[in-house]
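To start, the structure itself, in structure tokens.
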Amino acid sequence: MSNAELEREQDYITVLYGRLDDLRERASARRAAILRQTGGTHQARLERDNFSVMYSQQVAQFNAAENGLCFGRLEFNDGELRYIGRVGLHSDSDEYAQLLMDWRADAARPFYLATAASPGEVRVRRHLRTRGRTLISLDDEVLDLASADPSRHEGLTGESALLAALSASRTGSMTDIVETIQAEQDEIIRAPMPGALVVQGGPGTGKTAVALHRAAFLLYTFRRQLEKRGVLVVGPNATFLRYIGQVLPSLGETSVLLSTIGDLFPGVSAVGSESAAAAAIKGRPGMARVIATAIRDRQRVPAQPVRIDSDAGRLNLTPRMCAQARERARRSRRPHNLAQPVFAREIVSALTRQLAGQLGHNVLGGSNLLGQQDVDDLRRELRDDQAVRAAIVGLWPVLTPRQLVSDLLSDPARLKAAGTGLSAEDRALLQRDDGADWTPADVPLLDEAAELLGEDERAIRADKERRRRLQEAYAQGVLDIIGRDDEDDPELLMGADIIDASRLAERFDDEENMTAAERAAADRTWAFGHVIVDEAQELSPMAWRMLMRRCPARSLTIVGDLAQTSDLSGTASWADALRPYLDDRWRLAPLTVNYRTPSEVMAVAADVLAAIDPALETPRSVRDSGHQPWRLEAPAEAFADAVGGGAVRLAEQAGDGKLAVIVPAERLDELGKVVSSVLPGTALGADPDLTSPAVVLTVRQAKGLEFDCVLIADPALILAESPRGLNDLYVALTRATQRVGVVHPGAVPEVLRRLAPVATADMIDISG
């Protein structure tokens, strides 16, 4: 490429950045002007807040587009040039000419779909690589069928740019693939929004990247529908969410809520741990019935009459009275807490009749001649009587989800009564101490309980009113501090002259200033416009119930790989998982090309996949690494040292990239210390820092992540730790983009026989 061509493209990129700067400055200035405005009607203040949020989002989008603003150009047969980038930019002239096309626009699709075999109207596709605002290289693809090379991957677009991106060292954070999206990925990203789309893809097929870019595309295309309700992206763990956390901001989208299943219940931090068997029991669909039964068990009918010493006299609450009140409350079809007033009303009415009868007999010699007003007075008196209220609460208590589930799991008698479908062994596994930390598997149970208990709207309104009064009192205190002193000039405007306490409190109301994502995170009942689930094969039936409540429109993108299911309560069939909610109203979109894992590693992984299910197909790798996966057998007494030696060697080969040492869960602490001693700065723990050069983690922690080099320690124990050990080993093998090594004590598992044996860790230098 001539220097003149580079200079011409650099000049154009400079123009684009100038336009970006201009738009960013305008948005910032408009937001600043709005923030300076005060007073006006409530509607005017609301409009100002909306415009402030809009301009703030625009600034965030322009900031996100700073790196890699323009990355491609299409040249059509008629001579048209179309530049493709992260945002759309137009000139400021009367013609409003398009300077840069947003990659999500329909007219940008040829950049991802055109190939030499099917170029459409595209003659040349140009890839532009920049560093900062400087153009550093060009790569032209002449899409001319006559000159197409049959040896090339004709199904790939931008092959050189794609392979360069795949071969680059990992950084510990996922980057977007907006420059290298492939045709089968583009079809899924731009698929229609309504309905449920299941993206089934093997390791390295770009499932996660596709899901995140689909979120960005949907927000671009259906902004009006989604900006108020929001988009939820669910991932398997906090490490994974941090790994993908910069992708959507880099695409200009900052209003998407990223969450794990364990974080979806406001106010609960699911940091506890438990056995896989206990988590699997909690994930069974039958646990919904257990929760429902546990709630009904709290709606008591006493075996004997309950004596109530009220202010009006001694009363007896009989089992029959309680049974009738309970039946009427249940017939109301209201959730437990919302049905309690019905129960209370029936109990008070029964006690009123009883007391009226007593008074009429005692005073009038057996004839109850009390008037209706007298009866109503008695009813009000009993309704407010502390002893009566205590009796009602004892028979039909108002419960919180945490209280119900904690009582259920910490009380063997309650669990036995509610869990008729649970064996004694199941109940023993579920048993926990009162006050123990919540686990991720507890969260769907809490959500189920919340749904069946219901929230008392009166209490919510009272709490909001209490917070409003506190905010106004604080605001009044602020105004008093900055108010007028006796010596102040009466002509000088003070804060209290411009705004009162009520309006000042509104301006700083946290809820009013929250984004849709922030409001959704704090609201269990929030209904999202679209939900994206990554690693969806790990969801239990109870987790699916919870997610479906958050998406009543059933607009979902479900991403996963059934061959990588590790959770004992996870999904074995998409049809089985979705049938209760969607029947057969969902679409399957397969991803078949492996962009991450080199062919040498996938050849080994294919043996593991065949052992899982011979009918499953291995995704086709698009590249070779030139490095054969290896295995090192070490005696038990020298095993830890061999792991350390293998880690050091692979870390050297990774260079500036990342090394992951994947170990059995029960050996995490032991081998983590070994690797840390030979590779200072190694990250480990429940939520390791993926930006470290090396990290020691379990298979569960490695879900959805990728590293330059991977060392697998003790694969036989990984297989033995879980009934789905083969799935775990398959996951571990397919995390690498370059090299894989295995260190094993004793004989190597049969499924890994294809690995090339080496003698010592110091001799590990295998090339194809």
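Residue 81 versus (1) surrounded by 13 or more Cβ atoms within 10 Å (Cβ to Cβ); (2) under 30 Å from residue 130 (Cβ atoms); (3) touching a Lys or Arg at 6+ places or on another chain (Cβ under 7 Å); (4) not polar (S, T, N, Q): which is the lone unmet condition?
Exception for residue 81: condition (1).
If the requirement is being over 30 Å from the mean Cα position of the chain (by Cα) and open to solvent by 10 Å² or more (accessible area, probe 1.4 Å), which of these qualifies: 686, 665, 716?
Going through 686, 665, 716 in turn, the sole match is 716.
Evaluate the following for residue 371: is it closer than 30 Å to residue 308 by Cβ, surrounded by fewer than 17 Cβ atoms within 10 Å (Cβ to Cβ) and not hydrophobic (A, V, I, L, M, F, W, C)?
When the stated conditions are applied, residue 371 passes them.
State which residue is least open to solvent (accessible area, probe 1.4 Å) when the search covers only region 616-631 and only residues that are assigned to a strand (DSSP E or B) and modelled with pLDDT under 95.
Of everything passing the filter in region 616-631, 621 is least open to solvent (accessible area, probe 1.4 Å).
Any idea which of (1) assigned to a loop (DSSP other than H, G, I, E, B); (2) open to solvent by 50 Å² or more (accessible area, probe 1.4 Å); (3) within 30 Å of residue 135 (Cβ to Cβ) is the one residue 38 doesn't satisfy?
(3)
Open to solvent by 90 Å² or more (accessible area, probe 1.4 Å), of a type in the set (D, E, K, R) and either at pLDDT below 95 or part of a loop (DSSP other than H, G, I, E, B) (or both): does that describe residue 328?
no
Restricting to region 106-150, count the residues that are modelled with pLDDT of 90 or more, farther than 27 Å from residue 66 by Cβ and not aliphatic (A, V, I, L, M).
2
Residues of region 632-654 being open to solvent by 40 Å² or more (accessible area, probe 1.4 Å) and in a helix (DSSP H, G or I), which ones?
Result: 636, 637, 641, 648, 649, 652, 653.
For a quick check of your reading: which strands (runs of 3 or more DSSP E) sit entirely within region 523-615 and have at least 1 residues that are in contact (Cβ under 8 Å) with a residue 24 or more places away in the chain and open to solvent by 10 Å² or more (accessible area, probe 1.4 Å)?
Output list reads 586-591.
Within region 231-249, which residues are in a helix (DSSP H, G or I) and open to solvent by less than 30 Å² (accessible area, probe 1.4 Å)?
239, 240, 241, 243, 244, 247, 248
Of the conditions (1) in contact with a helix residue (DSSP H, G or I) (Cβ under 8 Å, 6 or more places away or on another chain); (2) at pLDDT 95 or above; (3) open to solvent by less than 40 Å² (accessible area, probe 1.4 Å), residue 13 clears all except one; give me its number.
So residue 13 meets the others, but not (1).
Residue check, residue 337 against (1) part of a helix (DSSP H, G or I); (2) among the polar types (S, T, N, Q); (3) open to solvent by 30 Å² or more (accessible area, probe 1.4 Å), all met but one. Which one?
(3)
What about residue 268, is it in contact with a Pro (Cβ under 8 Å, 6 or more places away or on another chain), aliphatic (A, V, I, L, M) and not in a helix (DSSP H, G or I)?
In short, no.
Inside region 655-681, can you point out the residues that are free of Cβ contacts under 8 Å to residues at least 24 places away in the same chain, touching a strand residue (DSSP E or B) at 6+ places or on another chain (Cβ under 8 Å) and not in a helix (DSSP H, G or I)?
Selection gives 681 alone.
Given the conditions (1) closer than 28 Å to residue 582 by Cα; (2) modelled with pLDDT of 90 or more; (3) of a type in the set (Lys, Arg), and given that residue 242 satisfies all but one, which numbered condition is not satisfied?
(1)
Residue 259 is checked against (1) surrounded by fewer than 21 Cβ atoms within 10 Å (Cβ to Cβ); (2) within 30 Å of residue 391 (Cβ to Cβ) and fails just one. What number does that condition carry?
With respect to (1) surrounded by fewer than 21 Cβ atoms within 10 Å (Cβ to Cβ); (2) within 30 Å of residue 391 (Cβ to Cβ), residue 259 is out only on (2).
Of all residues in region 168-226, count the ones that are within 18 Å of residue 251 (Cβ to Cβ), in contact (Cβ under 8 Å) with a residue 40 or more places away in the chain and in a loop (DSSP other than H, G, I, E, B).
14
Quick check: anything in region 69-78 exposed (fewer than 12 other Cβ atoms within 10 Å of the Cβ), farther than 28 Å from residue 218 by Cβ, acidic (Asp, Glu) and in contact with an Asp or Glu (Cβ under 9 Å, 6 or more places away or on another chain)?
yes
With respect to residue 58, determine if the residue is free of Cβ contacts under 8 Å to residues at least 24 places away in the same chain and either open to solvent by 40 Å² or more (accessible area, probe 1.4 Å) or hydrophobic (A, V, I, L, M, F, W, C) (or both).
Answer is no for this residue.
Return yes when residue 277 is open to solvent by 10 Å² or more (accessible area, probe 1.4 Å), farther than 30 Å from residue 66 by Cα, assigned to a helix (DSSP H, G or I) and in contact (Cβ under 8 Å) with a residue 24 or more places away in the chain and no when it is not.
Yes, satisfied.
Being open to solvent by less than 70 Å² (accessible area, probe 1.4 Å) and out of contact with any Asp or Glu (no Cβ under 8 Å at 6 or more places or on another chain) is the filter here, so list the residues in region 16-25 that pass it.
Correct list: 16, 17, 18, 21, 23, 24.
Looking at region 88-122 only, could you name the residues that are open to solvent by less than 30 Å² (accessible area, probe 1.4 Å) and under 36 Å from the mean Cα position of the chain (by Cα)?
89, 100, 101, 102, 103, 104, 105, 108, 111, 112, 114, 115 - these are the residues of region 88-122 that are open to solvent by less than 30 Å² (accessible area, probe 1.4 Å) and under 36 Å from the mean Cα position of the chain (by Cα).
The values are calculated or read from the model by the stated rules, or taken from the named source; none is laboratory data. As the structure is a computational prediction, the values presented were derived from the model and not from experiment. No Cβ is skipped: glycine too gets one built from the backbone with ideal geometry, and neighbour counts run over all protein chains shown. SASA here: full protein model, heavy atoms, side chains in, ligands and nucleic acids out. Shrake-Rupley method; radii C 1.70, N 1.55, O 1.52, S 1.80 Å.
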